[in-house]
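Inspection log for the structure reproduced underneath, given as structure tokens.
Read-outs throughout are calculated quantities, based only on the coordinates presented, and are distinct from any laboratory measurement. Keep in mind the model is a prediction, meaning the values are calculated, not measured. Cβ atoms come from the backbone with ideal geometry, glycine included; neighbour counts cover every protein chain shown.
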Amino acid sequence: MIVAEQKPLDEILALTEGAERVAVLGCGTCVTVCFAGGEKEAEVLAASLRMRARVQGRSLDATHGVVQRQCEWEYLDAARPSLEGVDCVVSLACGVGVQAMVERFPELRTVPGLNTKFYGLPTEHGVWEARCAGCGDCVLGLTDGICPVARCSKSLLNGPCGGSQGGKCEISPDTPCAWHLIYERMEALGHLDRLAEIQPPKDWSPGPSGGPGRIVREDLRRGPPPAEESEPAQPSSLLAS
Amino acid sequence: MSQTDARSNLERVLESGSFAVTAELGPPKGADPAVIRRKADLLRGAADAVNITDNQTAVVRMSSIAAALLAQQAGVEPVVQMTCRDRNRLAIQADLLGAWALGLRNLLCLSGDHQTFGNHPGAKNVWDIDSIQLLKIMADMGDRGVFANGEEVEGEPPRFFLGAAENPFAEPYPYRPFRVAKKVKAGARFIQTQCIYNMDRFREFMARLGDLGLLDKVYVLAGLSPLKGPGMAKYMRDQVPGMDVPDEIVDRMVAAGKGIDDKAERSKAFRAEGIRICIEQIQEVREIPGVAGVHIMAIEWEEAVRPIVEGAGLLPRPQPLPGAAEAG
């Protein structure tokens with residue numbers, strides 16, 4: 001799931017500056033599961049904003065609501081009635097949800113209430129850890145199911161660096177060394193010979209480095225594709241080298 | 001070295017009010033220093049400074065800083081180009097400390113073309129910082145002697161003559177002058193523009209810079225690129241986003257080869273017309289208020305620069321003052 005955490009209250013309040021009627025809109029999917037932006041969090045945030053605004057002498061009415069999935073346009077229509085007369089929406093969704101709101105309700109001001117952190121899972125109650133970096137070209141088949149792109153601080157592909165100590169990463173004693181984990185797993189599975197292979201430089205172009213992601217499935221697309229498909233790519237400038 | 005001596009030839013020429021000329025030198029896709037020296041021979045005395053591109057169009061080439069030093073040793077003052085695509089803020093600052101230590105004085109700060117266009121499209125890009133942040137970091141380093149994190153630079157800090165690029169022909173057009181303002185605020189002392197073919201739009205752009213009060217604060221060098229033939233003109237008109245090549249320019253290039261059957265002769269005629277057009281463009285931009293010089297981008301055609309500068313009546317170039325290119 002997408003894991004997020006709430007922004008500080010004062011930052012959210014500042015983002016709503018000038019608004020008198022604010023709606024806090026939660027999302028019923030990933031951020032509900034990670035306790036950052038579900039209905040309960042939306043309700044608590046709305047109450048906190050009202051109280052904090054009152055302390056600051058600012059007139060602010062804050063209501064709350066939730067949609068099942070803020071990251072799909074059609075799910076947002078359910079929220080339309082509750083957004084009547086609202087000056088500003090605080091979206092408690094991931095960054096996808098915030099932008100889906102802006103796209104569905106372009107006349108509305110929508111601001112983010114969360115910081116979207118990573119794709120991950122809970123490892124114990126109250127602890128979430130990253131598992132995937134969305135690199136676009138999965139290497140888990142090479143590493144026996146532990147991702148060095150997301151979980152090695154340097155995204156190394158050829159084994160642990162010199163900073164691996166006691167199974168931990170050099171950047172923090174709370175961070176497991178992904179390559180230590182991979183090594184132990186390969187050893188258990190009798191795959192250590194795989195570590196001898198030199199992994200060539202990774203092709204990063206299927207991921208964020210290659211530009212904003214876009215997938216087209218012609219078998220699922222309805223109707224004819226738009227007339228103008230992308231132009232042949234050329235550098236944007238000759239001067240900028 | 002006193003602060004005065006640290007000023008580059010380009011800075012002195014611009015400050016003196018002379019109409020400046022810069023050109024471009026593309027490093028080789030190899031490690032042969034002779035390539036730089038050969039190109040330097042073509043450009044020496046024809047330009048006040050010469051931009052050394054940094055992995056231009058995301059194609060791996062000899063390092064800009066190394067090639068700049070070779071050019072400087074060959075008597076051509078370089079403008080080091082630094083893009084943000086390949087290095088993070090640590091590498092950029094480190095390399096630029098080195099560039100200054102080697103005696104390089106001019107720096108053009110660029111975002112850089114996306115690696116998708118180059119010869120290593122699978123590379124991970126960096127863009128830890130952007131060109132405007134880079135300008136600010138290097139301006140602060142020069143003015144306040146600090147790194148990007150606020151820590152003090154040991155000893156005399158680098159004080160590069162800082163430049164930036166702007167494309168008057170990229171959309172949204174009304175925003176472009178404001179982006180120049182932002183770059184000037186960040187520390188740019190000179191601007192080199194994208195290749196100009198649409199003179200009306202460039203005039204409009206310069207007028208807006210004037211409205212924003214920028215023309216007293218920054219030297220604008222009009223970017224010009226001589227055309228080698230109608231193919232290049234059409235390619236730039238049709239294929240390169242952010243390039244605005246009017247049809248009459250393409251038509252002139254086509255007409256230049258009419259009735260010439262011999263391929264080599266035709267190519268010669270095309271190139272002569274490309275040089276002629278460029279000379280006319282120089283005359284035109286000289287008439288536009290605020291244009292402090294020209295930046296001639298003769299891409300892999302360094303031979304064209306001297307006849308263009310000469311044809312425009314801009315030779316001889318002001319003599320470099322003692323100390324201007326003494327380092328290296």
Subject >> Pairs of Lys in chain B closer than 16 Å at Cα, counting only those 8 or more apart or on different chains >> reply: 12
Original post:
Distance in nm between label sites at B:Glu280 and B:Tyr235, each 7 Å beyond Cα in the beta-carbon direction?
Top reply: 2.3 nm
Original post:
Given a Förster radius of 22 Å and the C-beta distance between A:Arg58 and A:Glu107 as r, what FRET efficiency does 1/(1 + (r/R0)^6) yield to the nearest 0.05?
Top reply: 0.40
Subject >> Inter-probe distance in nm under a simple model that places probes 7 Å from Cα toward Cβ, at A:Cys138 and A:Glu124 >> reply: 2.9 nm
Subject >> Whole-Å distance, taken between Cα centres, linking segment A:207-222 and segment B:132-164 >> reply: 41 Å
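Below 10 angstrom from the Cβ of A:Val31, what's the summed charge of the other residues (Lys, Arg +1; Asp, Glu -1)? Working shown, then result.
Working: positive: none; negative: A:Glu5, A:Glu41.
That works out to -2.
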Original post:
Expressed as an acute angle from 0 to 90° and rounded to the nearest 10, what is the orientation of the C-alpha long axis of helix B:263-286 relative to the principal long axis of chain B?
Top reply: 60 degrees
Original post:
Can you give the convex hull volume of the alpha carbon atoms of segment A:170-215 per residue, in Å³?
Top reply: 160 Å³
**OP:** Measure nothing but the geometry: give the 0 to 90° angle between the long axis through the Cα atoms of A:39-55 and the longest principal axis through the Cα atoms of chain A, rounded to 10°.
**Re:** 60 degrees
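From the square roots a ≥ b ≥ c of the eigenvalues of the alpha-carbon gyration tensor of segment A:133-196, which class results: rounded (a/c under 1.5), prolate (a/b over b/c), or oblate?
oblate
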Subject >> For chain A, diffusion coefficient by Stokes-Einstein and Kirkwood Rh (Cα), 20 °C, 1.002 mPa s, µm²/s >> reply: 101 µm²/s
**OP:** Could you give me the percent of Cα pairs per 10 Å distance bin for chain B, shortest bin first, beginning at zero and ending with the bin that holds the maximum distance?
**Re:** 6, 26, 36, 25, 6, 1, 0
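Taking every DSSP beta bridge with both residues inside the protein assembly as shown, roughly what % is antiparallel (nearest 5)? Don't skip to the answer; put the middle values down first.
Numbers: 14 of 62 bridges.
That works out to approximately 25 percent antiparallel.
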Original post:
In whole Å, how far is the Cα centre of segment B:1-64 from that of segment B:250-280?
Top reply: 28 Å
**OP:** Could you work out the local net charge near A:Val111, counting Lys and Arg as +1, Asp and Glu as -1, over the other residues with Cβ closer than 14 Å to its Cβ?
**Re:** -1
Original post:
How much length is gained on full extension from B:Lys263 to B:Lys217, taking 0.36 nm per residue of separation minus their Cα-Cα distance?
Top reply: 11.8 nm
Original post:
lysines near A:Lys40 by alpha-carbon distance under 28 Å, same-chain residues fewer than 8 away left out - which ones?
Top reply: A:Lys7, A:Lys117
Original post:
Once label points are set 7 Å from the Cα along Cα→Cβ at both B:Asp251 and B:Arg37, what is their separation, rounded to one decimal in nm?
Top reply: 4.9 nm
Original post:
Relative contact order of chain B: what whole-number percent is it, with Cα pairs under 8 angstrom and at least 6 residues apart?
Top reply: 21 percent
Subject >> Top positive-direction residue, dipole computed over the protein assembly as shown with Cβ charges, set B:Ala269, A:Ser82, A:Gly18 >> reply: B:Ala269
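Mind jotting down a quarter of the surface of the convex hull over the alpha carbons of the protein assembly as shown, in square nanometres, one decimal?
Working: hull surface 136.3 nm².
Mean orientational projected area (the protein assembly as shown, Cα hull): 34.1 nm².
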Subject >> Size of electric dipole in the protein assembly as shown: Cβ of Lys, Arg +1 and of Asp, Glu -1, about Cα centre, debye, nearest 20 >> reply: 480 debye
Subject >> Dmax and Rg, reported as Rg then Dmax, of segment B:82-200 (C-alpha, Å) >> reply: 15.2, 48
Subject >> Cut-off 11 Å between beta-carbons: net charge of the residues surrounding A:Gly85, Lys and Arg +1, Asp and Glu -1 >> reply: -3
**OP:** For chain B, find the longest principal axis of its Cα atoms and tell me its angle to the long axis of helix B:64-73, 0 to 90°, nearest 10.
**Re:** 80 degrees
